[in-house]
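S.K.: Before I ask anything, here is the structure I am working with.
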């Protein structure tokens, strides 16, 4: 299990990295944390002619407070997000979710730019980008552009980037919320999610004013459930609300079955997690 | 027993190493990265092997084109079955069993392939990278012959034959019978039964299989470094196959990173690497990657059992019958044969219970999968799963507590030795004592009260018990595998004090994680009268140790330990004789302890170093006839071997929201005889139970209808990690066995008891929903499906 032959460059600027990708004629691959790419190389499922290593580029790893937004550099490791007090106070759902990202060794190496680009439908960071409606900043030969998650995540393991484009930053809006929850079930702690949901709610003078709901593991991409959000805001708040919310969430997804879980089981899990998540989110009344 | 020597009074008085929780001697080197595994060998300019493996489950090899690969950079040779046809004799996994077909073992697929993952072509190159590059240039044309994916489909009349020469896909069939089962079942007050299944598993050692063949041009000799737990068997088999005498074929098992059975058979790659080294006159290396290890190492279980048990009205089991079909994969393995796993299911099915009549029939059926082979517990994990489920079903039908029904059926202290219905004889072992000790340690009555309370709250809380017995340290009267002609019944220890006074104890048994360097040294130190830290144990090197088959079947403490005690006593007597000359005292008055010989009741003494100097280096101190080499060799045969037993109790709770099973409590009470090192015994139990949790809840190799392995990586083949393994309470019921030293084997029990105990606990937890457990692993998906199926029924009950 050894990779096929490839060339390797370690540019010191994003511009040089983009140039190297342009020069590879679509045959190059970007190396960040390597946690998904290296197994693909070893299985020879990915056969780039050249690896463009971003790790030598200064200034791509940061967590920056921009008031109502938090900006995260593409090379920021999962472990930095997991332990950041700024993330804990401003993006608590992300903070809670990061504990579920694989294992310590992987969190030490893996990067946010890499995880989003890999676009695994059962990975936490793509789901968080969807949940927060993050802005993904990418750089290519003709400069920079910003992409929203719904456009970015095309399919399982497929993003919308051109071959020469590189994710450089992800900007997360700070949600106005009075309660939130993140729930995930995996075979073992650290495994890819069988089902997961993130919920945040904002209480108003009468009932809920706003809600954010996103799920993963139950479709080919992470999904924001806007209809469930609207339904939730419109609901009377009583003991039956979590059950009604759970039914709405389940009605919005049609998961596929695979080796790890059947479609029915995933739907069951998501329904249970939705109920539990909303109970938690509503319990912290602001 | 014939050759046993019980400890004398002074043995008991002396400070002892046996029984002490001494830290493992091997750990400092292993934990600091200073161990030497096979892949760490650095022979001069080695070549590297890579294998092109079949992607076809069953196909004729029409044509192999290796021209482009031969011309690829760095490639020394590309070998097919045709290229090596004259370099070896096939290895035959012979057995005297009737109704058995021994599939010949060859290094590369010849004529046809029989499973996905079978090696077809070997590339030899200057690096593994270049070898794998060249694999891509090989073109093999296959003519598909139809996959045989399941045992049930392999036995239908028009099924394609995997081995035409066998004339059938049933490679082995056997039946055990005692009494009139049909009549006893008919007369039974209660009959319980069902179809039980344990799915296919991977042994999954941390170190994948690895071989290095070091070629010695000077002597046309090979040293094979192998990650094997049977280096002695490998040496003899390779020697025979390659017609290479033992003094030109040295086989070494250096540090070995676990086996769990996967390194306990001869592998085609071991033959091929030696053939290649000899052919090219170069050293050659190969280490399986994880994909190769999972898809080409021997696998486990894959049995379906239709079983029925009859009880009288008092809950005494009177009768048992079972029909077992084992999916043994594509080949019979050497030396154990494909009968090893499935035949043991029927020979151990009655377990520790006094069941009057029995019929157990088994068929081992060839399918397009890697061979099944030894796996920690061999046959007994599923035998125990089935028997213990039946016990619980009987208890439920009769309204008897599961603990009580076992009390009524276990062989009791006064009834040993006891021959169970399948013919196995249990020697005196603490069956009942383990049951009672486990119940006490688990707080069984309190657990039942907690369960009642949990049920009142609507929670799914269950308690499961499993009792089992196993044969360990088997001597020459019983073949480890049915009808197998290899001597697995004895082991030799050779203990030497050299001219510097250093003590070396050489054993053929080969540790692959058991800590034998520590435990055997504890025994030698005590029985020789040496200091523990002065004893060096060497193993697993055919040039350095006595002939041996290796470490498997929970034998090394009993056979190696027994040999150590006898050899140490003989050497101690030699020391006493020399010391009596040096100290001018009667040999009987000399006590040997702490590396010194002392005249009893005096301060006159000589050290081992002084004794060695007198024997080897001085010309005048001793008369010639007293200068006998300070060395002793003893071959120990425990004849029958000895029984080991345990009771496992698990308490679980099932979360109806996630369908996950959480193990709340796990207790093991085990009788492994006299304990050599309690820390190592605890570690063996912990590890075995962890593995059993994998079998009970997580691990499953899934092959699709086309014979493709769908769970070939550790993402898809899910094994327990630390959070899935609970803290365990291990109780030792230390009843000395009748073999030398009073030891019993204890390397396998954890995997035997845990799956059954957990299955019974899950069934107990789900019993309010009328759900039975008959297949393992009980994954969350399976729990979900069972609960879904039970839903309308339980709703109906609630409405009544």
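S.K.: Within 14 Å of chain A (Cβ to nearest Cβ) and exposed (fewer than 15 other Cβ atoms within 10 Å of the Cβ): which single residue out of B:136, B:143 fits that description?
M.R.: B:136
S.K.: Going by the conditions given, is residue B:773 on the phi < 0 side of the Ramachandran plot and either touching a helix residue (DSSP H, G or I) at 6+ places or on another chain (Cβ under 6 Å) or within 14 Å of chain A (Cβ to nearest Cβ) (or both)?
M.R.: yes
S.K.: Within region B:637-669, can you find the residues that are more than 14 Å from chain A (Cβ to nearest Cβ), surrounded by fewer than 24 Cβ atoms within 10 Å (Cβ to Cβ) and assigned to a strand (DSSP E or B)?
M.R.: B:653, B:664, B:665
S.K.: For the condition modelled with pLDDT of 95 or more and out of contact with any strand residue (DSSP E or B) (no Cβ under 8 Å at 6 or more places or on another chain), what is the one hit in B:257, B:326, B:310, B:264?
M.R.: Going through B:257, B:326, B:310, B:264 in turn, the sole match is B:264.
S.K.: On to the next question. Considering every residue within region B:733-741, establish whether at least one is in contact (Cβ under 8 Å) with a residue 12 or more places away in the chain, more than 14 Å from every other protein chain (Cβ to nearest Cβ) and closer than 30 Å to residue B:450 by Cα.
M.R.: Yes, because at least one residue in region B:733-741 is in contact (Cβ under 8 Å) with a residue 12 or more places away in the chain, more than 14 Å from every other protein chain (Cβ to nearest Cβ) and closer than 30 Å to residue B:450 by Cα.
S.K.: Going residue by residue through region B:185-194, is there one that turns out to be at pLDDT below 95 and within 17 Å of residue B:326 (Cα to Cα)?
M.R.: Among the residues of region B:185-194, not one is at pLDDT below 95 and within 17 Å of residue B:326 (Cα to Cα), which makes the answer no.
S.K.: Taking region A:148-158 as the search range and keeping residues that are more than 14 Å from every other protein chain (Cβ to nearest Cβ) and surrounded by fewer than 21 Cβ atoms within 10 Å (Cβ to Cβ), which one is nearest to residue B:722 (Cα to Cα)?
M.R.: Once the filter is applied, the top-ranked residue is A:156.
Results for (1) crowded, with 24+ Cβ neighbours inside 10 Å; (2) not assigned by TED's automatic domain parsing to the domain that holds residue B:527; (3) not in a loop (DSSP other than H, G, I, E, B), shown as yes or no for each residue.
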{"residue": "B:719", "(1), (2), (3)": "no, yes, no"}
{"residue": "B:730", "(1), (2), (3)": "no, yes, yes"}
{"residue": "B:735", "(1), (2), (3)": "no, yes, no"}
{"residue": "B:747", "(1), (2), (3)": "yes, yes, no"}
{"residue": "B:750", "(1), (2), (3)": "yes, yes, yes"}
{"residue": "B:755", "(1), (2), (3)": "yes, yes, yes"}
{"residue": "B:759", "(1), (2), (3)": "yes, yes, yes"}
{"residue": "B:771", "(1), (2), (3)": "no, yes, no"}
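S.K.: Further question: Working only within region A:181-209, note down all residues that are touching a helix residue (DSSP H, G or I) at 6+ places or on another chain (Cβ under 8 Å), assigned to a loop (DSSP other than H, G, I, E, B) and away from every other protein chain (no Cβ under 14 Å).
M.R.: A:207 - this is the single residue of region A:181-209 that is touching a helix residue (DSSP H, G or I) at 6+ places or on another chain (Cβ under 8 Å), assigned to a loop (DSSP other than H, G, I, E, B) and away from every other protein chain (no Cβ under 14 Å).
S.K.: When you check residue A:122 against the structure, is it part of a loop (DSSP other than H, G, I, E, B) and crowded, with 16+ Cβ neighbours inside 10 Å, yes or no?
M.R.: yes
S.K.: Given the structure, is residue B:271 over 20 Å from the mean Cα position of the chain (by Cα), more than 14 Å from chain A (Cβ to nearest Cβ) and either farther than 30 Å from residue B:215 by Cα or not in a loop (DSSP other than H, G, I, E, B) (or both)?
M.R.: Considered against the rule, which asks whether it is over 20 Å from the mean Cα position of the chain (by Cα), more than 14 Å from chain A (Cβ to nearest Cβ) and either farther than 30 Å from residue B:215 by Cα or not in a loop (DSSP other than H, G, I, E, B) (or both), residue B:271 comes out as yes.
S.K.: Output yes when any residue across region B:302-315 is within 21 Å of residue B:53 (Cβ to Cβ) and in contact (Cβ under 8 Å) with a residue 40 or more places away in the chain, and no when none is.
M.R.: The answer is yes; a qualifying residue exists.
S.K.: Taking interchain pairs and intrachain pairs at least six residues apart, which have beta carbon atoms under 7 angstrom, with the first residue in region A:223-242 and over 18 Å from residue A:203 (Cβ atoms) and the second part of a helix (DSSP H, G or I)?
M.R.: A:223/A:130; A:224/A:130; A:224/A:131; A:225/A:249
S.K.: I'm told residue A:267 meets every condition in (1) over 20 Å from residue B:784 (Cα atoms); (2) touching a helix residue (DSSP H, G or I) at 6+ places or on another chain (Cβ under 7 Å) except one. Can you identify the failing condition by its number?
M.R.: Of the numbered conditions (1) over 20 Å from residue B:784 (Cα atoms); (2) touching a helix residue (DSSP H, G or I) at 6+ places or on another chain (Cβ under 7 Å), the odd one out for residue A:267 is (1).
S.K.: Assigned to a strand (DSSP E or B), within 37 Å of the chain's Cα centre (by Cα) and either within 14 Å of chain A (Cβ to nearest Cβ) or closer than 30 Å to residue B:362 by Cβ (or both): does that describe residue B:123?
M.R.: yes
S.K.: Shifting gears a bit: Can you find a residue that is outside any loop (DSSP other than H, G, I, E, B) and surrounded by 18 or more Cβ atoms within 10 Å (Cβ to Cβ) anywhere in region B:539-547?
M.R.: yes
S.K.: Does residue B:604 meet the test of being surrounded by 18 or more Cβ atoms within 10 Å (Cβ to Cβ) and either assigned by TED's automatic domain parsing to the domain that holds residue B:693 or touching a strand residue (DSSP E or B) at 6+ places or on another chain (Cβ under 9 Å) (or both)?
M.R.: Taking the combined requirement at face value, the residue does not satisfy it.
S.K.: Just checking, which of B:153, B:239, B:227 is crowded, with 20+ Cβ neighbours inside 10 Å and within 29 Å of residue B:336 (Cβ to Cβ)?
M.R.: Exactly one of B:153, B:239, B:227 is crowded, with 20+ Cβ neighbours inside 10 Å and within 29 Å of residue B:336 (Cβ to Cβ), namely B:227.
S.K.: Continuing with the same structure: Name every residue in region B:670-717 that is at pLDDT below 95, within 11 Å of chain A (Cβ to nearest Cβ) and surrounded by 19 or more Cβ atoms within 10 Å (Cβ to Cβ), in order of residue number.
M.R.: B:712
S.K.: Are any residues in region A:1-27 loosely packed, with under 15 Cβ neighbours inside 10 Å, part of a loop (DSSP other than H, G, I, E, B) and either more than 14 Å from every other protein chain (Cβ to nearest Cβ) or touching a helix residue (DSSP H, G or I) at 6+ places or on another chain (Cβ under 6 Å) (or both), and if so, which ones?
M.R.: A:12, A:13, A:25, A:26, A:27
S.K.: Another one. Quick one: how many residues across region B:95-111 are modelled with pLDDT of 95 or more and in a loop (DSSP other than H, G, I, E, B)?
M.R.: Qualifying residue count for the region: 10.
Matching residues to (1) surrounded by fewer than 19 Cβ atoms within 10 Å (Cβ to Cβ); (2) in a strand (DSSP E or B); (3) away from chain B (no Cβ under 14 Å):
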residue: A:30; (1), (2), (3): no, yes, yes
residue: A:47; (1), (2), (3): yes, no, no
residue: A:60; (1), (2), (3): no, no, yes
residue: A:64; (1), (2), (3): yes, yes, yes
residue: A:79; (1), (2), (3): yes, no, yes
residue: A:89; (1), (2), (3): yes, no, yes
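S.K.: Against the definition (modelled with pLDDT under 95 and either within 17 Å of the chain's Cα centre (by Cα) or in the same structural domain as residue B:606 (by TED's automatic domain parsing) (or both)), how does residue B:524 come out, yes or no?
M.R.: Criteria not met by residue B:524.
The values are calculated or read from the model by the stated rules, or taken from the named source; none is laboratory data. Small disclaimer: the values here were computed from a predicted structure and weren't measured. Neighbour counts run over all protein chains shown; Cβ positions are idealised from the backbone, glycine included.
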